[in-house]
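Below is one structure; the comments refer to it alone.
The values are calculated or read from the model by the stated rules, or taken from the named source; none is laboratory data. Owing to the predicted nature of the structure, the values given are computational and were not obtained by experimental measurement. We place every Cβ from the backbone using ideal geometry, glycine too, and count neighbours over all the protein chains shown. Note: areas computed on protein heavy atoms with side chains; ligands, DNA, RNA excluded. Shrake-Rupley method; radii C 1.70, N 1.55, O 1.52, S 1.80 Å.
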Amino acid sequence: GDIGLYDEGSLGRLTRRERYLIEKHENPIQLSYNYLAGRRRLPVDILGIPGNHEDFHLVEAMERGDLTLPGLHLLRPGEAVDLDLGGRVVKVMGIGRILPEELVPKNRKRTKYISEEAVSATLETAACSPPDLLLLHEPPLLATEGQGKVFGSGELRRLIEEIRPAVVVAGHMHFEYTSRIGDTRVYGIGYGIHGRYALIDRDLLFSFED
């Protein structure tokens, strides 16, 4: 998540708070303009999900199929994609956006929050065949060992306990971590640290690299 989907009209559509955060963090949103306008193409194919800092006018247009960015595939809730990972076929699903515990129910219809329909669609698809890899932006409710941190969504944790993917990859938090929910391994890939990335191998094991 937080891919950075913005075009030349985004600043006129974003909330005052989102514009403030872009200025505060000197977020280079103009980097995506040429890609969305078709003037440049991504150097590698990307399979991703939206975060909570995007222009959701563009996200929703992509989800409807009205807008495309060659090389980027945003997973829709309930969608499953098979990837070839070193000769192993891996089933990937994802739920973008966030679902903080303190969310007021009436605000759940806002575009940056996970809808009840998105959770239901994921459960329905996974009931037939659980995903090997589940991508989330908001992490499930976790308590990381040794760090004293408790964070994430209880509803997303219950979703994981029900569909039991082999691996969950989460974003949103500004630190890296590993955890477990039952037999499911959970990797938080961190955010905002220049030069840091995570690698996954054909056995679905992650390593964090510089």
Evaluate the Debye formula for region 66-134 with equal point scatterers sitting on the alpha carbons, no solvent, and hand back log10 of I(q)/I(0) at q = 0.14, 0.15, 0.16 Å⁻¹, in q order, two decimals. -0.53, -0.60, -0.67
Under a 1.4 angstrom probe, counting protein chains only, how are THR125, THR15 ranked by accessible area, largest first? THR15, THR125
How many angstrom lie between the C-alpha centres of region 113-167 and region 64-111? 12
Dividing the Cα radius of gyration by the Kirkwood radius, what Rg/Rh value follows for the chain? 0.94
Per the rule of 0.36 nm per residue minus the C-alpha distance, extending GLU155 to PHE206 adds in nm 15.9 nm
By accessible area with a 1.4 Å probe, ligands and nucleic acids excluded, highest first: order of THR184, THR111: THR111, THR184
Show me 87-96, 112-121 ranked by packing, highest mean number of other Cβ atoms within 10 Å first. 87-96, 112-121
DSSP beta bridges in the chain, what fraction antiparallel, as a percent rounded to 5? 50
Compute the FRET efficiency between THR111 and ASN34 as 1/(1 + (r/R0)^6), taking r as their Cβ-Cβ distance and R0 = 25 Å, and round to the nearest 0.05. 0.55
The chain, accessible surface, carbon-and-sulfur percent (1.4 angstrom probe): 49
Find the Cα radius of gyration of region 103-164, compare it with 2.2 N^0.38 Å by division, and give the number to two decimals. 1.24
Peptide ranges 57-67, 129-139, 156-166, 19-29 listed from the most packed, as the mean C-beta count within 10 angstrom indicates: 129-139, 156-166, 57-67, 19-29
Cα axis of helix 154-163 to longest principal axis of the chain: angle in degrees, 0 to 90, nearest 10? 60
Using every alpha carbon pair in region 85-195, what percent of pairs falls into each 5 Å bin from 0 up to the bin containing the largest distance? 2, 11, 23, 24, 19, 13, 6, 1, 0, 0
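Would you kindly state how much longer the chain becomes between ARG164 and ALA61 on full extension, computed as 0.36 nm times their sequence separation minus their alpha carbon distance, in nm to one decimal?
Length gained between ARG164 and ALA61: 34.0 nm.
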If you consider only alpha-carbon coordinates, what radius of gyration and Dmax does region 3-107 have, in Å? 15.4, 47
